[in-house]
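The values are calculated or read from the model by the stated rules, or taken from the named source; none is laboratory data. Since we're looking at a predicted model, the values are computed, not measured. Note that each Cβ is placed from the backbone with ideal geometry, even for glycine, and that neighbours are counted across all protein chains shown. Only protein heavy atoms, including side chains, enter the accessible area calculation; ligands, DNA and RNA are left aside. Shrake-Rupley method; radii C 1.70, N 1.55, O 1.52, S 1.80 Å.
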Amino acid sequence: MDEFLTIADAARLIASRKLSPVELTRQCLARIQRLDPVLHSFILVTGERALSDARAAQARMMAGSMRGPLDGIPIAHKDIYCTAGIATTAHSRQLQGHVPAADATVVRKLAQAGTVLLGKLATHEFAFGGPSFDLAWPPARNPWNPEHFTGGSSSGTGAAVAAGLIMGGTGSDTGGSIRSPAALCGVTGIKPTYGLCSRAGVIPLAFTMDHIGPLAWTAEDCALLLQAMAGPDPADPASSGRNAPDYSAALTGDVKGMRIGVVRHFHESDHKVSESTRQGIETAIEVFRGLGAEVRDVELPPLADYSACGWLILMVEAFAVHERWMQTSAEKYGEIMRDRMALASLISGADYIQAVRRRRALCAATAAAMDPVDILLTASQPGEAPRIEAVSKWGILEQPSFTIPFNVTGQPAIAVCTGFGAGGLPVSMQLAGKPFQEATLLRAADAFQRATQWRQHRPPLAAIKA
Amino acid sequence: MPDTTLEDFTALVRRSRLTLTDAQVGELYKAWGYVEGMLARNRTPLLAREDEPALIFKPRES
(Lines give C-alpha, C1' and ligand atoms only; values in the text may rest on other atoms or scores of the structure.)
Protein backbone atom coordinates (compact mmCIF):
# COMPACT_ATOMS: atom_id res chain seq x y z
CA MET A 1 0.00 0.00 0.00
CA ASP A 2 1.27 3.52 -0.80
CA GLU A 3 2.39 5.48 2.19
CA PHE A 4 -0.05 8.26 1.35
CA LEU A 5 -3.38 7.73 -0.30
CA THR A 6 -6.06 10.19 -1.25
CA ILE A 7 -9.64 9.46 -0.25
CA ALA A 8 -10.46 8.72 -3.88
CA ASP A 9 -7.55 6.27 -4.17
CA ALA A 10 -8.46 4.54 -0.90
CA ALA A 11 -12.11 4.35 -1.90
CA ARG A 12 -11.24 2.53 -5.12
CA LEU A 13 -8.97 0.09 -3.26
CA ILE A 14 -11.56 -0.56 -0.56
CA ALA A 15 -14.30 -1.04 -3.13
CA SER A 16 -12.17 -3.66 -4.88
CA ARG A 17 -11.26 -5.25 -1.52
CA LYS A 18 -7.56 -4.51 -2.04
CA LEU A 19 -7.42 -2.36 1.09
CA SER A 20 -8.82 -3.06 4.50
CA PRO A 21 -10.48 -0.17 6.34
CA VAL A 22 -9.05 -1.62 9.55
CA GLU A 23 -5.52 -1.63 8.09
CA LEU A 24 -5.98 1.94 6.83
CA THR A 25 -7.22 3.11 10.22
CA ARG A 26 -4.34 1.38 12.02
CA GLN A 27 -1.88 3.15 9.72
CA CYS A 28 -3.45 6.52 10.59
CA LEU A 29 -3.40 5.74 14.31
CA ALA A 30 0.26 4.70 14.12
CA ARG A 31 1.12 7.90 12.26
CA ILE A 32 -0.80 9.94 14.86
CA GLN A 33 1.11 8.22 17.65
CA ARG A 34 4.45 8.91 15.96
CA LEU A 35 3.93 12.49 14.76
CA ASP A 36 1.24 14.15 16.84
CA PRO A 37 3.40 14.60 19.96
CA VAL A 38 5.12 17.24 17.78
CA LEU A 39 2.24 18.43 15.58
CA HIS A 40 -0.46 18.66 18.30
CA SER A 41 -3.17 18.43 15.64
CA PHE A 42 -5.45 16.35 17.88
CA ILE A 43 -7.11 17.33 21.14
CA LEU A 44 -8.58 13.85 21.53
CA VAL A 45 -7.82 10.63 19.66
CA THR A 46 -10.74 8.19 19.71
CA GLY A 47 -8.77 5.02 18.94
CA GLU A 48 -11.35 2.48 20.11
CA ARG A 49 -14.18 4.23 18.31
CA ALA A 50 -12.04 4.42 15.16
CA LEU A 51 -11.30 0.71 15.14
CA SER A 52 -14.95 -0.09 15.85
CA ASP A 53 -16.02 2.10 12.90
CA ALA A 54 -13.34 0.50 10.73
CA ARG A 55 -14.44 -3.04 11.59
CA ALA A 56 -18.03 -2.15 10.74
CA ALA A 57 -16.89 -0.72 7.40
CA GLN A 58 -14.82 -3.80 6.75
CA ALA A 59 -17.85 -6.00 7.43
CA ARG A 60 -19.85 -3.97 4.91
CA MET A 61 -16.99 -4.31 2.44
CA MET A 62 -16.96 -8.10 2.81
CA ALA A 63 -20.75 -8.24 2.54
CA GLY A 64 -20.76 -6.10 -0.60
CA SER A 65 -22.94 -3.49 1.04
CA MET A 66 -20.69 -0.44 1.09
CA ARG A 67 -22.38 2.89 1.65
CA GLY A 68 -20.33 4.85 -0.84
CA PRO A 69 -16.84 6.24 -1.46
CA LEU A 70 -16.43 7.51 2.12
CA ASP A 71 -17.15 4.13 3.70
CA GLY A 72 -14.11 3.13 5.77
CA ILE A 73 -12.31 6.45 5.29
CA PRO A 74 -10.62 7.82 8.46
CA ILE A 75 -11.50 11.43 9.21
CA ALA A 76 -11.62 13.74 12.21
CA HIS A 77 -13.64 16.77 13.25
CA LYS A 78 -12.62 20.26 14.28
CA ASP A 79 -13.33 20.40 17.99
CA ILE A 80 -16.22 22.83 17.58
CA TYR A 81 -18.33 20.11 15.94
CA CYS A 82 -20.47 18.44 18.62
CA THR A 83 -19.92 14.69 18.80
CA ALA A 84 -22.33 12.65 20.89
CA GLY A 85 -20.67 11.17 23.95
CA ILE A 86 -17.27 12.58 22.95
CA ALA A 87 -15.81 15.69 24.58
CA THR A 88 -16.19 18.86 22.50
CA THR A 89 -14.18 21.73 23.93
CA ALA A 90 -13.64 24.37 21.23
CA HIS A 91 -10.04 24.19 22.53
CA SER A 92 -11.16 26.20 25.58
CA ARG A 93 -11.26 25.83 29.33
CA GLN A 94 -14.79 27.28 29.10
CA LEU A 95 -15.88 23.91 27.68
CA GLN A 96 -13.37 21.58 29.29
CA GLY A 97 -15.27 18.38 30.10
CA HIS A 98 -18.23 19.34 27.90
CA VAL A 99 -19.71 16.17 26.38
CA PRO A 100 -22.59 16.77 23.95
CA ALA A 101 -25.57 14.46 23.88
CA ALA A 102 -26.02 14.70 20.13
CA ASP A 103 -23.94 14.86 16.99
CA ALA A 104 -23.82 17.95 14.83
CA THR A 105 -25.82 17.36 11.64
CA VAL A 106 -22.67 17.17 9.53
CA VAL A 107 -21.04 14.74 11.97
CA ARG A 108 -24.09 12.52 11.69
CA LYS A 109 -24.11 12.72 7.89
CA LEU A 110 -20.43 11.83 7.60
CA ALA A 111 -20.91 8.92 10.01
CA GLN A 112 -23.86 7.71 7.96
CA ALA A 113 -21.60 7.81 4.91
CA GLY A 114 -19.38 5.28 6.72
CA THR A 115 -16.43 7.44 7.75
CA VAL A 116 -14.17 6.29 10.56
CA LEU A 117 -13.89 8.80 13.44
CA LEU A 118 -10.26 9.23 14.51
CA GLY A 119 -10.92 12.03 16.97
CA LYS A 120 -11.27 15.78 17.61
CA LEU A 121 -8.92 18.29 16.17
CA ALA A 122 -7.17 21.32 17.53
CA THR A 123 -8.60 24.72 16.68
CA HIS A 124 -8.04 28.31 17.68
CA GLU A 125 -10.06 28.90 20.85
CA PHE A 126 -13.72 29.05 19.77
CA ALA A 127 -12.45 29.27 16.19
CA PHE A 128 -11.05 32.76 16.81
CA GLY A 129 -8.48 32.98 19.59
CA GLY A 130 -5.18 31.70 18.32
CA PRO A 131 -2.55 30.58 17.96
CA SER A 132 -2.60 30.48 21.74
CA PHE A 133 -0.02 29.02 24.09
CA ASP A 134 -2.00 29.59 27.31
CA LEU A 135 -4.82 27.12 26.73
CA ALA A 136 -5.35 23.62 28.13
CA TRP A 137 -3.92 22.17 24.91
CA PRO A 138 -1.06 23.47 22.75
CA PRO A 139 -1.59 24.95 19.31
CA ALA A 140 -1.17 22.76 16.25
CA ARG A 141 2.12 22.93 14.31
CA ASN A 142 2.80 23.02 10.58
CA PRO A 143 4.03 19.61 9.29
CA TRP A 144 6.20 21.32 6.63
CA ASN A 145 8.14 22.96 9.47
CA PRO A 146 6.83 22.55 13.04
CA GLU A 147 8.33 25.90 14.06
CA HIS A 148 5.77 27.52 11.77
CA PHE A 149 2.11 28.43 11.94
CA THR A 150 -0.56 26.18 10.49
CA GLY A 151 -2.96 29.00 9.73
CA GLY A 152 -6.32 28.96 11.49
CA SER A 153 -8.66 28.49 12.91
CA SER A 154 -9.06 24.94 11.50
CA SER A 155 -5.42 24.50 12.45
CA GLY A 156 -5.56 20.86 13.54
CA THR A 157 -7.45 19.85 10.41
CA GLY A 158 -4.92 21.49 8.11
CA ALA A 159 -1.96 19.96 9.91
CA ALA A 160 -3.51 16.49 10.21
CA VAL A 161 -4.45 16.30 6.53
CA ALA A 162 -1.03 17.52 5.40
CA ALA A 163 0.76 14.96 7.57
CA GLY A 164 -1.50 12.11 6.52
CA LEU A 165 -2.80 11.58 10.05
CA ILE A 166 -6.32 11.81 8.64
CA MET A 167 -7.53 11.49 5.08
CA GLY A 168 -9.92 14.39 5.36
CA GLY A 169 -11.45 16.53 8.05
CA THR A 170 -14.01 19.14 8.87
CA GLY A 171 -13.38 22.80 9.35
CA SER A 172 -15.29 26.00 9.73
CA ASP A 173 -14.67 29.32 8.01
CA THR A 174 -15.85 32.65 9.40
CA GLY A 175 -13.11 34.89 8.01
CA GLY A 176 -10.85 32.34 6.33
CA SER A 177 -10.52 29.51 8.81
CA ILE A 178 -10.71 26.69 6.26
CA ARG A 179 -8.75 28.45 3.52
CA SER A 180 -5.96 29.81 5.72
CA PRO A 181 -4.83 26.43 7.12
CA ALA A 182 -5.42 24.83 3.72
CA ALA A 183 -3.09 27.42 2.17
CA LEU A 184 -0.38 27.37 4.85
CA CYS A 185 -0.40 23.57 5.21
CA GLY A 186 -0.45 22.96 1.46
CA VAL A 187 -3.75 21.09 1.37
CA THR A 188 -7.10 21.86 -0.27
CA GLY A 189 -9.96 23.44 1.63
CA ILE A 190 -13.31 24.70 0.42
CA LYS A 191 -15.63 27.16 2.11
CA PRO A 192 -18.95 26.40 0.44
CA THR A 193 -21.79 28.84 -0.11
CA TYR A 194 -23.40 30.10 3.09
CA GLY A 195 -26.26 27.80 3.95
CA LEU A 196 -25.15 24.83 1.83
CA CYS A 197 -23.87 22.80 4.78
CA SER A 198 -25.74 22.78 8.06
CA ARG A 199 -24.25 24.69 11.00
CA ALA A 200 -26.51 22.83 13.45
CA GLY A 201 -24.46 21.39 16.29
CA VAL A 202 -21.35 23.38 15.40
CA ILE A 203 -20.37 25.85 18.12
CA PRO A 204 -20.99 29.29 16.55
CA LEU A 205 -18.53 32.12 16.16
CA ALA A 206 -20.51 34.59 14.03
CA PHE A 207 -23.94 33.51 12.87
CA THR A 208 -24.00 35.23 9.49
CA MET A 209 -20.34 34.59 8.65
CA ASP A 210 -19.89 30.94 9.76
CA HIS A 211 -19.50 28.43 6.95
CA ILE A 212 -19.02 24.66 7.30
CA GLY A 213 -16.73 22.76 4.93
CA PRO A 214 -14.03 20.12 4.40
CA LEU A 215 -10.25 20.04 4.09
CA ALA A 216 -8.47 17.22 2.28
CA TRP A 217 -5.40 16.65 0.12
CA THR A 218 -7.15 17.23 -3.21
CA ALA A 219 -10.15 18.98 -4.71
CA GLU A 220 -11.43 15.54 -5.69
CA ASP A 221 -11.37 14.49 -2.05
CA CYS A 222 -13.05 17.73 -0.99
CA ALA A 223 -15.79 16.97 -3.52
CA LEU A 224 -16.37 13.56 -1.95
CA LEU A 225 -16.57 15.01 1.56
CA LEU A 226 -18.72 17.97 0.53
CA GLN A 227 -21.16 15.59 -1.17
CA ALA A 228 -21.87 13.99 2.20
CA MET A 229 -21.85 17.23 4.17
CA ALA A 230 -24.09 19.37 1.98
CA GLY A 231 -27.87 19.49 1.93
CA PRO A 232 -30.95 20.94 3.62
CA ASP A 233 -31.37 20.88 7.39
CA PRO A 234 -34.42 22.32 9.17
CA ALA A 235 -32.32 22.50 12.34
CA ASP A 236 -30.22 25.28 10.75
CA PRO A 237 -32.26 28.47 10.28
CA ALA A 238 -29.82 29.56 7.59
CA SER A 239 -30.00 26.31 5.63
CA SER A 240 -30.46 27.10 1.97
CA GLY A 241 -32.72 24.10 1.50
CA ARG A 242 -30.76 23.16 -1.62
CA ASN A 243 -29.71 19.62 -2.40
CA ALA A 244 -26.18 19.14 -3.63
CA PRO A 245 -25.51 18.22 -7.26
CA ASP A 246 -23.04 15.41 -8.04
CA TYR A 247 -19.74 17.15 -7.35
CA SER A 248 -17.58 14.22 -8.43
CA ALA A 249 -19.33 14.06 -11.78
CA ALA A 250 -18.33 17.68 -12.34
CA LEU A 251 -14.62 16.82 -12.13
CA THR A 252 -14.15 16.28 -15.85
CA GLY A 253 -10.75 17.95 -16.05
CA ASP A 254 -12.20 20.22 -18.74
CA VAL A 255 -12.05 23.96 -18.16
CA LYS A 256 -12.07 24.92 -21.84
CA GLY A 257 -13.97 28.16 -22.16
CA MET A 258 -14.24 28.67 -18.40
CA ARG A 259 -14.04 32.41 -17.75
CA ILE A 260 -11.63 33.27 -14.94
CA GLY A 261 -11.38 36.77 -13.50
CA VAL A 262 -8.09 37.63 -11.79
CA VAL A 263 -8.55 40.15 -8.99
CA ARG A 264 -5.04 41.44 -9.51
CA HIS A 265 -5.37 44.56 -7.34
CA PHE A 266 -6.07 42.41 -4.26
CA HIS A 267 -2.52 40.98 -4.24
CA GLU A 268 -0.55 43.60 -6.17
CA SER A 269 -1.66 46.79 -4.45
CA ASP A 270 -4.36 46.29 -1.80
CA HIS A 271 -2.17 43.84 0.16
CA LYS A 272 1.09 42.95 -1.55
CA VAL A 273 1.96 39.28 -1.44
CA SER A 274 5.34 37.59 -1.32
CA GLU A 275 7.20 36.98 -4.56
CA SER A 276 6.66 33.23 -4.35
CA THR A 277 2.92 33.72 -3.84
CA ARG A 278 2.76 36.16 -6.75
CA GLN A 279 4.71 33.76 -8.94
CA GLY A 280 2.41 30.91 -7.96
CA ILE A 281 -0.59 32.96 -9.05
CA GLU A 282 1.01 33.93 -12.37
CA THR A 283 1.95 30.33 -13.06
CA ALA A 284 -1.60 29.22 -12.24
CA ILE A 285 -2.94 31.77 -14.71
CA GLU A 286 -0.73 30.27 -17.43
CA VAL A 287 -1.83 26.74 -16.48
CA PHE A 288 -5.48 27.73 -16.80
CA ARG A 289 -4.81 29.44 -20.14
CA GLY A 290 -3.01 26.32 -21.32
CA LEU A 291 -6.09 24.29 -20.40
CA GLY A 292 -8.25 26.54 -22.56
CA ALA A 293 -9.75 28.82 -19.94
CA GLU A 294 -10.29 32.48 -20.76
CA VAL A 295 -8.45 34.58 -18.20
CA ARG A 296 -8.89 38.33 -17.77
CA ASP A 297 -8.41 40.89 -15.03
CA VAL A 298 -11.47 42.06 -13.11
CA GLU A 299 -11.92 44.78 -10.54
CA LEU A 300 -13.76 44.43 -7.26
CA PRO A 301 -14.12 46.95 -4.43
CA PRO A 302 -10.90 47.40 -2.44
CA LEU A 303 -9.88 44.53 -0.19
CA ALA A 304 -9.94 46.88 2.80
CA ASP A 305 -13.64 47.57 2.24
CA TYR A 306 -14.50 43.88 2.58
CA SER A 307 -12.14 43.54 5.55
CA ALA A 308 -13.63 46.45 7.46
CA CYS A 309 -17.18 45.25 6.82
CA GLY A 310 -16.39 41.61 7.59
CA TRP A 311 -14.38 42.09 10.77
CA LEU A 312 -16.95 44.47 12.27
CA ILE A 313 -19.76 41.98 11.64
CA LEU A 314 -17.70 39.01 12.81
CA MET A 315 -16.52 40.66 16.01
CA VAL A 316 -19.91 41.96 17.12
CA GLU A 317 -21.69 38.69 16.36
CA ALA A 318 -18.96 36.76 18.17
CA PHE A 319 -19.23 39.00 21.22
CA ALA A 320 -22.98 38.36 21.30
CA VAL A 321 -22.19 34.63 21.55
CA HIS A 322 -19.56 35.14 24.28
CA GLU A 323 -21.02 38.08 26.22
CA ARG A 324 -22.19 36.09 29.22
CA TRP A 325 -18.91 34.17 29.64
CA MET A 326 -16.96 37.39 29.25
CA GLN A 327 -18.94 38.82 32.17
CA THR A 328 -18.84 35.75 34.43
CA SER A 329 -15.76 33.65 33.62
CA ALA A 330 -13.42 35.66 31.41
CA GLU A 331 -10.43 34.15 33.22
CA LYS A 332 -11.14 30.82 31.54
CA TYR A 333 -10.38 32.24 28.10
CA GLY A 334 -6.90 32.46 26.70
CA GLU A 335 -5.54 35.99 26.41
CA ILE A 336 -6.06 36.28 22.64
CA MET A 337 -9.74 35.24 22.68
CA ARG A 338 -10.46 37.31 25.79
CA ASP A 339 -8.87 40.47 24.45
CA ARG A 340 -10.43 40.12 20.99
CA MET A 341 -13.86 39.70 22.59
CA ALA A 342 -13.22 42.67 24.90
CA LEU A 343 -12.35 44.80 21.87
CA ALA A 344 -15.48 43.58 20.11
CA SER A 345 -17.63 44.61 23.10
CA LEU A 346 -16.81 48.25 22.39
CA ILE A 347 -18.33 48.31 18.89
CA SER A 348 -21.81 49.80 18.92
CA GLY A 349 -25.05 48.48 17.52
CA ALA A 350 -25.15 51.32 15.01
CA ASP A 351 -21.63 50.42 13.89
CA TYR A 352 -22.80 46.86 13.30
CA ILE A 353 -25.82 47.93 11.26
CA GLN A 354 -23.67 50.23 9.14
CA ALA A 355 -21.47 47.21 8.38
CA VAL A 356 -24.49 45.11 7.49
CA ARG A 357 -25.72 47.87 5.18
CA ARG A 358 -22.28 47.95 3.57
CA ARG A 359 -22.47 44.18 3.22
CA ARG A 360 -25.46 44.41 0.88
CA ALA A 361 -23.61 46.96 -1.26
CA LEU A 362 -20.49 44.77 -1.41
CA CYS A 363 -22.54 41.70 -2.36
CA ALA A 364 -24.12 43.65 -5.21
CA ALA A 365 -20.78 45.03 -6.39
CA THR A 366 -19.17 41.59 -6.31
CA ALA A 367 -22.03 39.98 -8.23
CA ALA A 368 -21.84 42.73 -10.85
CA ALA A 369 -18.07 42.32 -11.21
CA MET A 370 -18.52 38.57 -11.62
CA ASP A 371 -21.18 38.87 -14.28
CA PRO A 372 -18.75 38.31 -17.21
CA VAL A 373 -16.79 35.50 -15.50
CA ASP A 374 -17.41 32.11 -13.94
CA ILE A 375 -14.83 32.19 -11.15
CA LEU A 376 -12.43 34.64 -9.55
CA LEU A 377 -8.75 33.98 -8.93
CA THR A 378 -7.05 35.77 -6.05
CA ALA A 379 -4.42 35.23 -3.40
CA SER A 380 -5.42 33.21 -0.35
CA GLN A 381 -2.59 34.26 1.98
CA PRO A 382 0.12 36.92 1.79
CA GLY A 383 2.94 34.38 1.75
CA GLU A 384 4.38 31.26 3.34
CA ALA A 385 3.47 30.39 6.92
CA PRO A 386 5.31 32.61 9.43
CA ARG A 387 7.01 31.27 12.54
CA ILE A 388 4.26 30.50 15.05
CA GLU A 389 5.73 32.74 17.75
CA ALA A 390 5.70 35.65 15.30
CA VAL A 391 1.92 35.58 14.84
CA SER A 392 0.63 38.62 16.74
CA LYS A 393 -2.64 39.06 18.62
CA TRP A 394 -3.84 41.84 16.36
CA GLY A 395 -2.22 40.64 13.15
CA ILE A 396 -5.63 39.81 11.70
CA LEU A 397 -6.50 43.52 11.80
CA GLU A 398 -3.16 44.92 10.60
CA GLN A 399 -3.61 44.14 6.91
CA PRO A 400 -6.75 43.44 4.84
CA SER A 401 -7.74 39.78 4.60
CA PHE A 402 -7.82 37.91 1.28
CA THR A 403 -10.34 35.42 2.56
CA ILE A 404 -12.96 37.46 4.41
CA PRO A 405 -14.50 38.99 1.22
CA PHE A 406 -16.15 35.67 0.48
CA ASN A 407 -17.50 35.33 4.00
CA VAL A 408 -19.03 38.77 3.55
CA THR A 409 -20.65 37.75 0.26
CA GLY A 410 -21.31 34.13 1.25
CA GLN A 411 -20.08 32.76 -2.07
CA PRO A 412 -17.95 29.61 -2.28
CA ALA A 413 -14.16 29.81 -2.27
CA ILE A 414 -11.36 27.23 -2.27
CA ALA A 415 -7.65 27.37 -1.42
CA VAL A 416 -5.33 25.40 -3.74
CA CYS A 417 -1.57 24.88 -3.41
CA THR A 418 0.42 26.52 -6.19
CA GLY A 419 3.92 25.57 -5.15
CA PHE A 420 6.51 26.32 -2.50
CA GLY A 421 8.37 29.39 -1.37
CA ALA A 422 12.04 29.90 -0.68
CA GLY A 423 11.61 28.52 2.85
CA GLY A 424 10.14 25.26 1.55
CA LEU A 425 6.67 26.08 2.83
CA PRO A 426 3.56 25.96 0.62
CA VAL A 427 2.06 28.91 -1.22
CA SER A 428 -1.49 28.97 -2.47
CA MET A 429 -4.15 30.69 -4.53
CA GLN A 430 -7.84 31.17 -3.92
CA LEU A 431 -10.62 30.53 -6.42
CA ALA A 432 -14.10 31.91 -5.72
CA GLY A 433 -17.31 30.94 -7.45
CA LYS A 434 -20.82 32.23 -7.80
CA PRO A 435 -23.31 31.22 -5.11
CA PHE A 436 -24.03 27.47 -5.14
CA GLN A 437 -21.61 26.90 -8.03
CA GLU A 438 -19.29 24.65 -5.98
CA ALA A 439 -19.21 22.19 -8.89
CA THR A 440 -17.61 24.78 -11.18
CA LEU A 441 -15.13 25.75 -8.50
CA LEU A 442 -14.15 22.17 -7.75
CA ARG A 443 -13.81 21.44 -11.48
CA ALA A 444 -11.36 24.32 -11.86
CA ALA A 445 -9.36 23.33 -8.78
CA ASP A 446 -9.28 19.67 -9.82
CA ALA A 447 -8.21 20.52 -13.38
CA PHE A 448 -5.37 22.65 -12.01
CA GLN A 449 -4.24 19.87 -9.68
CA ARG A 450 -4.30 17.29 -12.48
CA ALA A 451 -2.23 19.59 -14.71
CA THR A 452 0.41 20.34 -12.06
CA GLN A 453 2.69 18.32 -9.81
CA TRP A 454 2.06 19.93 -6.44
CA ARG A 455 -0.12 17.12 -5.09
CA GLN A 456 2.87 14.77 -5.32
CA HIS A 457 4.78 16.71 -2.64
CA ARG A 458 4.12 15.77 0.96
CA PRO A 459 5.76 17.27 4.07
CA PRO A 460 9.17 15.84 5.05
CA LEU A 461 7.70 13.81 7.92
CA ALA A 462 10.89 11.82 8.53
CA ALA A 463 12.40 15.05 9.83
CA ILE A 464 9.72 15.37 12.52
CA LYS A 465 11.09 13.93 15.73
CA ALA A 466 9.50 14.06 19.17
CA MET B 1 -2.32 55.70 18.67
CA PRO B 2 -6.10 55.95 18.19
CA ASP B 3 -7.90 59.25 17.62
CA THR B 4 -10.19 58.52 20.56
CA THR B 5 -8.71 59.88 23.78
CA LEU B 6 -7.86 57.42 26.52
CA GLU B 7 -10.49 59.12 28.69
CA ASP B 8 -13.22 58.57 26.11
CA PHE B 9 -11.98 55.05 25.47
CA THR B 10 -12.17 54.26 29.17
CA ALA B 11 -15.78 55.46 29.13
CA LEU B 12 -16.48 53.02 26.28
CA VAL B 13 -14.95 50.24 28.36
CA ARG B 14 -17.13 51.13 31.37
CA ARG B 15 -20.18 50.99 29.12
CA SER B 16 -19.25 47.45 28.05
CA ARG B 17 -19.82 46.23 31.63
CA LEU B 18 -16.74 44.04 31.45
CA THR B 19 -14.28 43.91 34.32
CA LEU B 20 -10.88 44.78 32.87
CA THR B 21 -7.61 45.66 34.53
CA ASP B 22 -5.79 48.90 33.73
CA ALA B 23 -3.23 46.85 31.84
CA GLN B 24 -5.95 45.21 29.74
CA VAL B 25 -7.53 48.59 29.01
CA GLY B 26 -4.15 49.88 27.90
CA GLU B 27 -3.67 46.87 25.61
CA LEU B 28 -7.11 47.31 24.07
CA TYR B 29 -6.54 51.05 23.61
CA LYS B 30 -3.56 50.29 21.38
CA ALA B 31 -5.71 47.96 19.25
CA TRP B 32 -8.64 50.36 19.10
CA GLY B 33 -6.90 52.27 16.32
CA TYR B 34 -7.52 49.31 14.01
CA VAL B 35 -11.23 49.37 14.85
CA GLU B 36 -11.38 53.14 14.35
CA GLY B 37 -9.93 52.65 10.91
CA MET B 38 -12.48 49.99 10.04
CA LEU B 39 -15.38 52.08 11.35
CA ALA B 40 -14.26 55.06 9.28
CA ARG B 41 -13.70 52.93 6.19
CA ASN B 42 -17.09 51.32 6.57
CA ARG B 43 -18.78 54.73 6.54
CA THR B 44 -16.92 55.91 3.43
CA PRO B 45 -18.67 56.78 1.24
CA LEU B 46 -21.75 57.35 3.36
CA LEU B 47 -24.60 55.15 2.24
CA ALA B 48 -27.89 56.72 1.22
CA ARG B 49 -30.46 56.92 3.99
CA GLU B 50 -32.66 54.29 2.35
CA ASP B 51 -29.87 51.71 1.78
CA GLU B 52 -30.99 48.56 3.50
CA PRO B 53 -28.88 46.12 5.55
CA ALA B 54 -28.09 42.71 4.08
CA LEU B 55 -30.32 41.06 6.67
CA ILE B 56 -33.92 42.11 6.26
CA PHE B 57 -36.35 39.91 8.12
CA LYS B 58 -38.79 38.10 5.89
CA PRO B 59 -41.64 36.37 7.71
CA ARG B 60 -42.07 32.76 6.70
CA GLU B 61 -45.01 31.99 4.52
CA SER B 62 -47.53 29.87 6.37
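Data for the structure
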item	result
Residue-level accessible surface for A:E389, protein heavy atoms, 1.4 Å, Å²	110
Cα-projected label distance for A:S65 with A:H98, points at 7 Å along beta-carbon direction, nm	3.7
Rounded, prolate or oblate (a/c below 1.5 giving rounded, otherwise prolate when a/b exceeds b/c) for the stretch A:195-337 by Cα gyration tensor	oblate
Radius, Kirkwood style, for the stretch A:59-143 when every pair of distinct Cα atoms is counted (Å)	14.1
Extent along principal axes [Cα atoms of the stretch A:21-463; Å; largest to smallest]	53, 52, 46
Share of pairwise Cα separations in the stretch A:1-99, more than 16 Å, in percent	60
Extreme residue, positive dipole direction of the protein assembly as shown, given options A:I178, B:L6, A:G310 (C-beta unit charges)	A:I178
Helix-only [θ]222 nm of chain B, DSSP H runs n ≥ 4, -39500 (n - 2.57) each, per residue, nearest 500	-17000 deg cm²/dmol
Cβ-placed point charges (K, R +1; D, E -1), dipole of the protein assembly as shown about Cα centre in debye, nearest 20	1040
For the protein assembly as shown, with +1 on Lys and Arg beta carbons and -1 on Asp and Glu, the positive-most of A:L215, A:G168, B:A40 along the dipole	A:G168
Spatial separation of Cα centroids for the stretch A:188-237 and the stretch B:12-62, in angstrom	27
For peptides A:201-211, A:310-320, A:368-378, sequence by mean Cβ density within 10 Å, most packed first	A:310-320, A:201-211, A:368-378
At least 40 Å² of accessible area lost relative to the chain alone, listed for the stretch A:348-380 with a 1.4 Å probe	A:D351, A:Q354, A:V356, A:R357, A:R358, A:R360
Net charge over other residues, Cβ less than 15 angstrom from the Cβ of A:A59 (K, R count +1; D, E count -1)	+1
Normalised contact order of chain A, rounded percent, pairs of Cα under 8 Å and 6 or more residues apart	18
Carbon + sulfur, % of accessible area of the protein assembly as shown - ligands and nucleic acids excluded, 1.4 Å	52
In Å², nearest 10: area of A:E384 left accessible to a 1.4 Å probe	50
Size of electric dipole in the stretch A:386-466: Cβ of Lys, Arg +1 and of Asp, Glu -1, about Cα centre, debye, nearest 20	240
Global form of chain B, assessed from the alpha-carbon gyration tensor, a/c cut-off 1.5	oblate
Value of [θ]222 nm, deg cm²/dmol, for chain A, DSSP H segments ≥ 4, -39500 (n - 2.57) each, nearest 500	-11500 deg cm²/dmol
Given charges at Cβ of Lys, Arg, Asp, Glu: chain A dipole, positive-most of A:L226, A:S20, A:T83	A:S20
The stretch A:114-163: chymotrypsin sites (Phe, Trp or Tyr not before Pro) in DSSP coil with no more than 16 other Cβ atoms inside 10 Å	A:F133
